[in-house]
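Coordinate-derived values only; no laboratory data. Here the structure is a predicted model, which means the values were calculated and not measured. Neighbour counts are summed over all protein chains in view; Cβ atoms, including those assigned to glycine, are modelled from backbone coordinates with ideal geometry.
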Amino acid sequence: MFRLSHYMKALASSEAPPQPSAVAAPMVTWNLVRRCSLACAHCHAVAADVDLGGELRTREAFAVVDDLAHAGVRGFIVSGGEPMLRPDLFAIAQRARSRGLHVALYTSGALIDAASARRIAPLFDYAEVCLDGEPHTHDRLRNAAGAFERSLAALRLLRDAGAKPGIRYTLMQENSADLASLLALAERESIPRFHLVHLDPFRHGTVSRSQAVPRATTREAMDLLFEAAWAALQPGREREFVTDNDDADSAYLLLWLERRHPQLAARARRMLEAWGGSAPGVAVANIDNLGEVHPDEYWCNYSVGNVRTSPFSQIWQDVSDPVLAELRSTPRPVHERCAACKYLAVCGGKPRARARQLSVDSAADDPVCYLEDAEIGVDTGRARHVVEADARGRTEAAT
């Protein structure tokens, strides 16, 4: 996760640059349940409104919470499917709070009413509700009439209950034109957090490869987001902006600063190099609904263990797993275009899951990098992976 507002705030003030802390244990995304009341086109869990069985029981979930606290984990994000379908959701969150853990919630919002909003407020640090565009766009992507109104109502209920609500927006070809209106809605409704997630065309849903976002569209979206985040630094307009699943955002921020605020670019580069991009298998981890542990939620096809057979703390310390060993290498191994990129120290080669899904090589190029060769110091004649028919064919053959 790229904490955009975190860096912009430091750049716009006289504060010392934020220093990265030593990572003793990861932030965990926990897909508690796979069932969902919706059937979204870009669902990363391929969820359905059926009980899929085999999921962790309450006592098993409590044991995981206790072990996460023992391992020094800072907190976890509850996701799904739709986590509001877990009858023990609030009990698990309360258990985590009693162990000193931070807890956040990702939800469609479709099942949130006034009573549940009041329960969410004291238990979750923030609660993100998915909104994917204007009402007609959102309802079409969610395959449910009225889904937009239910999600917007949930945001309002959470806000009025004293929770910290956020909009979680997945950038797709079909909804890219709606980003500006969602940013305006967030300001109009006093929603304090906006989270842009880049679509993974090799993972999300069944139609999302046709929804892969062109590089120019992604750049336009990031320009909009950067402008909104910079404007939100003004007194009385404070809001938080984050992005996810593409660490090229940090490098593109440097390019944006060079155009808009060139006096800040060198300082920003030092800050972002200290961060070094996302760190799957190091600073972030994922536990799925069956207890499988992954380097992060985008590595869903690779498990490093299961919390039913070994505690998370033990699994995470096992240095024998080859993928974890590679992800934890310093510097992280990359080759081809990524190795030649002058922003490698800033983005860290990105999450690496897409490279593995496309080429069965986690050190290969990221196939959806939206930066241009000339911008990153790579010869324009070098071959690059793109999201096109032959790439899709190789991915399908590999999986």
Exercise for review: Would you please put 27-39, 222-234 in order of how densely packed they are, using the mean number of other Cβ atoms within 10 angstrom per residue and starting with the highest?
Suggested key: 27-39, 222-234
Practice item. With only alpha-carbon atoms counted, please give the Rg and Dmax of region 68-144, in Å. Key: 14.1, 46
Study note, to complete from the structure: Note on region 218-355: C-alpha Rg/Rh, Kirkwood Rh, two decimals, gives 1.05
Check your understanding: Can you work out D for region 141-247 in µm² s⁻¹ from Stokes-Einstein, where Rh is the Kirkwood radius over C-alpha pairs, the temperature is 20 °C and the viscosity is 1.002 mPa s?
Key -> 145
Check your understanding: Shape of region 159-203 from its Cα gyration tensor (a ≥ b ≥ c, root eigenvalues): rounded if a/c is under 1.5, otherwise prolate when a/b > b/c, or oblate?
Key -> oblate
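Using packing as a proxy for protection, rank 91-100, 316-325 so that the peptide with the highest average count of other Cβ atoms within 10 Å comes first.
Working: 91-100: 17.6, 316-325: 14.4.
Result, highest mean Cβ count within 10 Å first: 91-100, 316-325.
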Revision key, fill the gap. One finds the C-alpha centres of region 317-340 and region 84-128 to be spaced, in Å, by 35
Exercise for review: Based on alpha-carbon positions alone, could you give the equivalent ellipsoid semi-axes of region 244-306 from the gyration tensor, as √(5λ), descending, whole Å?
Suggested key: 34, 11, 6
Practice item. Starting from the Cα of ALA216, step 7 Å along the direction of its Cβ; do the same at HIS70; then give the gap between the two resulting points in nm. Key: 5.6
Exercise for review: Would you pull out the residues with amide H under 5 Å of ALA104's amide H, same chain only if 5 or more places away, H placed 1.01 Å from N?
Suggested key: PHE76, ILE77, VAL78, ASP125
Check your understanding: Under the Karplus relation 6.51 cos²θ - 1.76 cosθ + 1.60, θ = phi - 60°, what is the ordered set of whole-Hz ³J(HN,Hα) values for region 229-241, x standing for Gly and Pro?
Key -> 5, 5, 5, 6, 6, 5, x, x, 10, 4, 9, 10, 10
Review point. What is the distance in Å between the Cα centres of region 267-306 and region 149-169?
Key: 27
